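Structure first, commentary second.
The values are calculated or read from the model by the stated rules, or taken from the named source; none is laboratory data. All figures in this text were calculated on a predicted structure; none of them were measured in a lab. Using ideal geometry, Cβ is built from the backbone for each residue, glycine included, and neighbour counts are taken over all protein chains shown. Areas reflect the complete protein model, heavy atoms only, side chains present, ligands, DNA and RNA absent. Shrake-Rupley method; radii C 1.70, N 1.55, O 1.52, S 1.80 Å.
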Amino acid sequence: MTEVVRLTLVAHAMTDAIAAARFPGDEPLNDVGCRQAEAAAAQFRRGVSYFTGPERRARQTAGLLGFDATVDPLLADLNCGPWQGKRLEDVPPGDLMVWLTDPTRAPHGGESITELMQRVARWLNSLTENAAATVAVTHPAVIRAAILLALDVPAKSFWRMDIAPISRTALHYRGGCWTLRW
């Protein structure tokens, strides 16, 4: 019988950057986000292994959900370089269009979508040796990348998914590949 790796990815709760449509920095959850995480704590299946991205908003969400999570830098949010904290309209439109349409480019000097996907693939591969249930609190960008990798979808589809705060995405690994579970 094939062992199955079960992974639940949890998007961090609401922040002021999300509410204002700004590129995130290392901000905390806002009051709405704290209430979201506290209200959702009982709804999450308990795993054997807990991980979180290093940013304050991910660590705070994990704590409010009751997870004693290990910080893993591979679960960090997409690095947007000097765009952090800026609103979309404050970014040069040409640079923004390049970033949104070419997943290999990072005009902000941070990380491209393809680089993010490579990082997330390394993390997913690290989970395949252990059949323990895993829960990871991370960022919408990381969850998008994991979904694209599981479905073997090209990186150009990255922006075609909305990942809501405190939402859950389930993936299973068996038979040498990841499967998205709804």
Inset, instruction - Output the residue which, of all residues in the stretch 1-25 that are among the charged types (D, E, K, R) and not in a strand (DSSP E or B), is farthest from the chain's Cα centre (by Cα). - result: Glu3
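Among the residues in the stretch 94-108, are any within 21 Å of Ala136 (Cα to Cα) and acidic (Asp, Glu)?
Taking every residue of the stretch 94-108 in turn, none turns out to be within 21 Å of Ala136 (Cα to Cα) and acidic (Asp, Glu).
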Legend entry - Options Ala150, Ala170; residue that is hydrophobic (A, V, I, L, M, F, W, C), at pLDDT 95 or above and either out of contact with any helix residue (DSSP H, G or I) (no Cβ under 9 Å at 6 or more places or on another chain) or not in a helix (DSSP H, G or I) (or both): Ala170
Inset, instruction - Could you check, for the stretch 119-137, whether at least one of its residues is closer than 17 Å to Phe158 by Cα, assigned to a loop (DSSP other than H, G, I, E, B) and not small (Gly, Ala, Ser)? - result: no
Inset, instruction - Report, by residue number, each residue of the stretch 73-110 that is over 19 Å from Pro165 (Cα atoms), open to solvent by less than 40 Å² (accessible area, probe 1.4 Å) and in contact with a Ser or Thr (Cβ under 7 Å, 6 or more places away or on another chain). - result: Pro103, Ala106
Inset, instruction - Return the total of residues in the stretch 24-40 being in contact with a Pro (Cβ under 9 Å, 6 or more places away or on another chain) and either basic (Lys, Arg) or open to solvent by 70 Å² or more (accessible area, probe 1.4 Å) (or both). - result: 1
Legend entry - Residues located in the stretch 92-116, provided they are touching a Phe, Trp or Tyr at 6+ places or on another chain (Cβ under 8 Å), among the aliphatic types (A, V, I, L, M) and without any contact (Cβ under 8 Å) to a residue 40 or more places away in the chain: Ala106
Inset, instruction - Could you check how many residues of the stretch 153-167 are in contact (Cβ under 8 Å) with a residue 24 or more places away in the chain and part of a helix (DSSP H, G or I)? - result: 4
Inset, instruction - Among the numbered conditions (1) open to solvent by less than 20 Å² (accessible area, probe 1.4 Å); (2) among the small types (Gly, Ala, Ser); (3) more than 19 Å from Ile113 (Cα to Cα), tell me where Ser167 comes up short. - result: (1)
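Could you list, in sequence order, the residues of the stretch 26-66 that are assigned to a loop (DSSP other than H, G, I, E, B) and not hydrophobic (A, V, I, L, M, F, W, C)?
Within the stretch 26-66, Asp26, Glu27, Pro28, Asn30, Arg45, Arg46, Gly47, Gly53, Pro54, Glu55, Gly66 meet the criteria.
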Legend entry - Failed criterion for Thr104 (all others in (1) modelled with pLDDT under 95; (2) over 15 Å from Asp26 (Cβ atoms) hold): (1)
